[in-house]
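Novice: Have a look at this one before I ask anything.
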Amino acid sequence: SKVFYLPNFSTPNELQDVVNTFRLILDAPRVSGNQSEHAVSLQGTPEQLAIAEKLETVLESLRSSGGHNRSSVLVYEPPPEEAPEQSSVGAPNRCELTTCFIKALYLPDFSISQLQDAVNKLHSTVQVGRVCMVPHSHAIVFQGTSKQVALAEELMNE
């Protein structure tokens, strides 16, 4: 178990964004937020906890950056022997937490509806399995193969 203190996520909605991201991206059912202490607690495997630490750092830095340029941050890269084989177009591989790349896209100029449209495109066009919108940080976090990550970045740069 680990508790993350997030003083920059001060509203209930901002804290809930982190809870939702941890639940979805890490596939961690035991995640809860404590608004009064600006904290999120996570109970999970050592791998989930390690990736959660990296993800929290990325979300915190995106939240506080306030920049106006789009960017992307690689949160997690699987060891080469763990990464799934690349498949042909139209039949992407699904991957598990420790065999997926996890990427955060920072899209500061996107509205909430534009972020949702981007999430829908990632699902339909890139076919990523796990994607989470983090509206208060103007970010999208997703996991996928290296090919899916590259395609997603191209799609968001259009």
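Novice: Please report, in Å, the Rg and the Dmax of the chain, where both are computed over Cα atoms only.
Specialist: Values for the chain (Cα only, Rg and Dmax): 15.1, 49 Å.
Novice: Would you mind getting the accessible area per residue of the chain, heavy atoms of the protein chains only, 1.4 Å probe, in Å²? All intermediate terms of the calculation are to be shown ahead of the outcome.
Specialist: Details: 7970 Å² over 158 residues.
Here the residues of the chain average 50 Å² of exposed surface.
Novice: Which are the unpartnered cysteines of the chain, meaning those with no other cysteine Cβ under 4.7 Å from their Cβ?
Specialist: If one checks each Cβ against the other cysteines of the chain, 132 turn up with nothing under 4.7 Å.
Novice: Going highest first, how would you order 42-49, 133-140 by mean Cβ packing within 10 Å?
Specialist: Sorting 42-49, 133-140 by mean packing, highest first, produces 133-140, 42-49.
Novice: Of all the accessible heavy-atom surface of the chain, with the other protein chains kept in place and a 1.4 Å probe, what percent is carbon and sulfur?
Specialist: After summing per-atom areas, the C and S share lands at 49 percent.
Novice: Using protein chains only and a probe of 1.4 angstrom, how many square angstrom of residue 23 are accessible, to the nearest 10?
Specialist: 100
Novice: For the chain, what is the calculated [θ] at 222 nm in deg cm²/dmol (nearest 500), taking -39500 (n - 2.57) for each run of four or more DSSP H residues and dividing by its residue count?
Specialist: -11500 deg cm²/dmol, from helical runs alone.
The values are calculated or read from the model by the stated rules, or taken from the named source; none is laboratory data. Predicted, not measured: the structure shown is a model, and the values here were computed from it. Virtual Cβ from ideal backbone geometry, glycine too; neighbours counted across all protein chains shown. For the accessible areas, the whole protein counts, side chains as well, though only heavy atoms, and no ligand, DNA or RNA atoms are used. Shrake-Rupley method; radii C 1.70, N 1.55, O 1.52, S 1.80 Å.
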